[in-house]
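Here is the structure we will look at.
The values are calculated or read from the model by the stated rules, or taken from the named source; none is laboratory data. The model shown is predicted, which means the values in this text are computed figures rather than measured ones. Note that we place each Cβ from the backbone using ideal geometry, even for glycine, and neighbour counts take in every protein chain shown.
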Amino acid sequence: MAQALRFECQPGCTECCTQRGFVYLTEADLVRAATFLGMVPAAFERQYVYRTRNRLRLRVPRESQCHFLRGEGCSIHPAKPTQCRIFPFWPELVESRREWKKTARYCPGMGKGPLIQIESAREQAREMREAYPEMY
C-alpha cells in the first residue's frame with residue numbers, strides 16, 4: 001500500500017451519499033444526530049433508524065438514499081454518523097489499493113488535496129473498526 005494518500009472533499013459533492021448501501025450507526029451516533037435535530041433519541045430512532053439485534057442503521061427513504069441528504073449536502077453534517085465522517089478511510093479502502101481505486105471512480109476527492117500519511121488513514125480505519133466491531 002502507498003505511504004500516503006491524497007483526499008479532499010470537493011465542494012458540493014455528495015457522491016458518497018448517493019451510493020447503494022446502508023449507513024450504520026453507533027449508539028453515540030444516534031444520540032448525537034437526535035440532539036443536533038432537537039429530538040430525544042427514542043423519537044429519532046422511531047423515525048429514522050432500523051434496529052436489529054446487533055446493528056443500527058438509517059432507514060432508506062423511498063425517494064432518496066438518505067433522509068438527511070439535501071441539494072446542498074448533508075443536513076446533519078456536524079453530527080453525521082461515524083461511517084460518513086470517516087469516509088473514505090474505511091478499513092477495506094485503506095487496506096486495498098484496488099478498492100481505493102474502485103471507489104475513486106465515483107469520488108472526485110480521492111487523489112486530490114493534501115497528502116494524508118498512511119498512518120493517519122489507518123488510525124481512522126481503526127476508529128471505524130472499533131465503532132462497528134460486528135462489521136469487521
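Key figures
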item	result
Where a residue in segment 109-125 is more than 17 Å from Cys84 (Cβ to Cβ) and its partner, wherever it lies, is in a strand (DSSP E or B) and modelled with pLDDT of 95 or more, with Cβ under 6 Å and at least six apart	Gly113/Phe7; Ile116/Phe7
Residue match in segment 49-59 (condition: in contact with a Cys (Cβ under 8 Å, 6 or more places away or on another chain), surrounded by 14 or more Cβ atoms within 10 Å (Cβ to Cβ) and under 29 Å from Gly113 (Cα atoms))	no
Residue that is buried (at least 16 other Cβ atoms within 10 Å of the Cβ) and either touching a residue at least 12 places away in the same chain (Cβ under 8 Å) or not in a loop (DSSP other than H, G, I, E, B) (or both), where the choices are Phe22, Phe44	Phe44
Of residues in segment 14-34 being in contact with a helix residue (DSSP H, G or I) (Cβ under 7 Å, 6 or more places away or on another chain) and β-branched (Val, Ile, Thr), the one farthest from Ala104 (Cα to Cα)	Val31
Residue match in segment 83-99 (condition: part of a helix (DSSP H, G or I) and among the small types (Gly, Ala, Ser))	no
Subset of segment 11-42 (residues that are closer than 21 Å to Arg70 by Cβ, at pLDDT 95 or above and over 15 Å from the mean Cα position of the chain (by Cα))	Ala34, Thr35, Phe36, Leu37, Gly38, Met39
